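Trainee: This is the structure I have questions about; it appears just below.
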Amino acid sequence: MSTQVLTITLLMCSNVFMTFAWYGHLKHLSAKPWLIAVLASWSIAFFEYLLQVPANRAGHTVMNLGQLKILQEVIALSVFVPFALLYMKEKLTLDYLWASCCLAGAAYFIFRK
């Protein structure tokens, strides 16, 4: 497996954990004290970091820091949108399209030769 594919795969998996850690408590723990939500989120985030740190280490061998960051943001949005729509039952708006266009532009500029 190439380093780029490994990095993307690890970052995608990491972002699933990250998204649930950051936003999952809003659905199931909103009636609980915030400290419970923090502890639950940290527990989930532990697994995010087990994937994210190796992803960034591998990715930094073939990409510069800016490219790695923009890649992370593109992946984060590609994981967040299905989460928001399917899990949290949010409404799809054009704002997601515009945000995606902005990230596509950022990716173009950071990865162009």
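Every number here is computed from the coordinates shown, using simple stated rules; none is lab data. Predicted, not measured: the structure shown is a model, and the values here were computed from it. Every residue, glycine as well, gets a Cβ built from its backbone with ideal geometry; the counts of neighbours run over all protein chains shown.
Trainee: Under the Kirkwood approximation for Rh and a Cα-based Rg, what ratio Rg/Rh is obtained for the chain? Spell out each step's value before the answer.
Mentor: Working: Rg = 15.5 Å, Rh = 15.2 Å.
Using Cα coordinates only, the ratio equals 1.02.
Trainee: I want to verify a result. In a Gaussian network model of the chain, Cα cutoff 10 Å, which of these has the top mean-square fluctuation: E48, E73, E90?
Mentor: Judging by the Gaussian network model, the answer is E90.
Trainee: With θ taken as phi - 60° and the coefficients 6.51, -1.76 and 1.60, list the Karplus ³J(HN,Hα) couplings across segment 2-12 in order, rounded to whole Hz; mark glycine and proline as x.
Mentor: For segment 2-12, the Karplus curve yields 6, 4, 5, 5, 4, 4, 4, 4, 5, 5, 5 Hz.
Trainee: Same structure, new question: Once both labels are modelled 7 Å past Cα along the beta-carbon direction, what's the K69-S30 spacing in nm?
Mentor: In this crude label model, K69 to S30 measures out at 3.3 nm.
Trainee: Could you please rank V38, V81, placing first whichever residue has the fewest other Cβ atoms within 10 Å of its Cβ? Mind dumping the intermediate values first?
Mentor: Values: V38 12, V81 17.
The order, fewest Cβ neighbours first, is V38, V81.
Trainee: Can I ask one more? Tell me, how many Å apart are the Cα centres for segment 53-84 and for segment 18-48?
Mentor: 22
Trainee: Given K27/K91; K69/K91; K32/K91, which pairs have Cα atoms separated by over 20 Å?
Mentor: On the way: K27/K91 15 Å; K69/K91 27 Å; K32/K91 25 Å.
Check vs 20 Å cut-off fails for K69/K91; K32/K91.
Trainee: Among 18-24, 103-109, 30-36, what's the highest-first ranking by average C-beta atoms within 10 angstrom per residue?
Mentor: Details: 18-24: 19.1, 103-109: 12.7, 30-36: 9.6.
For the peptides 18-24, 103-109, 30-36, the packing ranking is 18-24, 103-109, 30-36.
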